[in-house]
1. Within region 142-187, count every residue that is surrounded by fewer than 20 Cβ atoms within 10 Å (Cβ to Cβ) and either in contact with a Cys (Cβ under 6 Å, 6 or more places away or on another chain) or among the acidic types (Asp, Glu) (or both).
2. Mind checking which residues of region 17-32 are over 16 Å from the mean Cα position of the chain (by Cα) and either within 26 Å of TRP71 (Cα to Cα) or not acidic (Asp, Glu) (or both)?
3. Considering only residues of region 1-39 that are in a strand (DSSP E or B) and of a type in the set (A, V, I, L, M, F, W, C), which is farthest from PRO61 (Cα to Cα)?
4. Count, please, the residues in region 98-142 that happen to be farther than 25 Å from PRO36 by Cβ and touching a Leu at 6+ places or on another chain (Cβ under 6 Å).
5. Scan region 41-68 and report the pairs whose first residue is at negative phi and whose second residue is basic (Lys, Arg) and open to solvent by 20 Å² or more (accessible area, probe 1.4 Å), with Cβ atoms within less than 7 Å and a gap of 6+ or a chain change.
6. Could you figure out which of (1) open to solvent by 40 Å² or more (accessible area, probe 1.4 Å); (2) of a type outside the set (Val, Ile, Thr); (3) under 21 Å from GLU162 (Cα atoms); (4) modelled with pLDDT of 95 or more isn't true of GLY76?
7. Yes or no: region 40-60 includes at least one residue that is part of a helix (DSSP H, G or I), at pLDDT below 95 and open to solvent by 20 Å² or more (accessible area, probe 1.4 Å).
Amino acid sequence: MTWATIRQVVIGAEDLDATSKEIREGLGLSSGFADPLLEDIGLADETIRVGGEAHLEVVAPLNTTASINGWLAKVGGGGGYALSIQVPDAATLVANAESAGVRVVADLEAYGRRIVQLHPGDMGLLVELDEIPEPDQWFWDDIATETPENPLVDDVLAVDVESPDPQAQAARWAAVMGVEVEPGEVPSIRVGSRTVHFVRGARRMLSAVDLRTVAGADAPATLSVSGVLLRLR
């Protein structure tokens, strides 16, 4: 794997509008847009740009039969739901996943691109591998959105993945992504310019996101949204 990059951090919520508003107002970001394909699986969503490359996406149930309802009940109403990672070659990572005992829950085509989803029970959350070999292209490049007047953040720096055994979780991710576990008190791996930290906790889920603060912005240190801690660095 020559490169990969985290493109979207997905937060699961019971109330899409309220959660999206909290994020936009708390971080000085503009309104986002919806992925129309998610309606087919019972999800409402808003994808909010963070700078020129990264996104925060909020997903919520469209109806009482949506599968996310069970997950929301399990985690207590909200939390880090998924990561979308752009990769140049999904086949290599699928082979790595199979060797590491990580299950593939979906392998399909959307918007003309191969999308592979890895089992949250193995990865700690739903991990989506989006095969787009052109590193400067993404699904939403053609969607026009307003440029925020006074953004407080302009990039996603890192995420925390919580589990009872952070070292084992880090090793599993490293095996799938074809990278080494970074040395340090908190096991972590690099995914392009961004980092995944593995922290100890009772639940297996994404629990925090580090965001880069715009220079000179009068920003809060943290913001808690739908069970996810947003830390402004």
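The values are calculated or read from the model by the stated rules, or taken from the named source; none is laboratory data. Remember, it's a predicted structure, so these values are computed and weren't measured experimentally. So basically every Cβ, Gly included, is an ideal-geometry build from the backbone, and we count neighbours across all protein chains shown. Note: areas computed on protein heavy atoms with side chains; ligands, DNA, RNA excluded. Shrake-Rupley method; radii C 1.70, N 1.55, O 1.52, S 1.80 Å.
1. 8
2. Answer for region 17-32, where residues must be over 16 Å from the mean Cα position of the chain (by Cα) and either within 26 Å of TRP71 (Cα to Cα) or not acidic (Asp, Glu) (or both): ASP17, ALA18, LYS21, GLU22, ARG24, GLY26, LEU27, GLY28, LEU29, SER30, SER31.
3. Per the criteria, the residue is ILE6.
4. 1
5. ILE48/ARG24; HIS55/ARG49
6. All conditions are met except number (4).
7. Yes, there is a match, as at least one residue in region 40-60 is part of a helix (DSSP H, G or I), at pLDDT below 95 and open to solvent by 20 Å² or more (accessible area, probe 1.4 Å).
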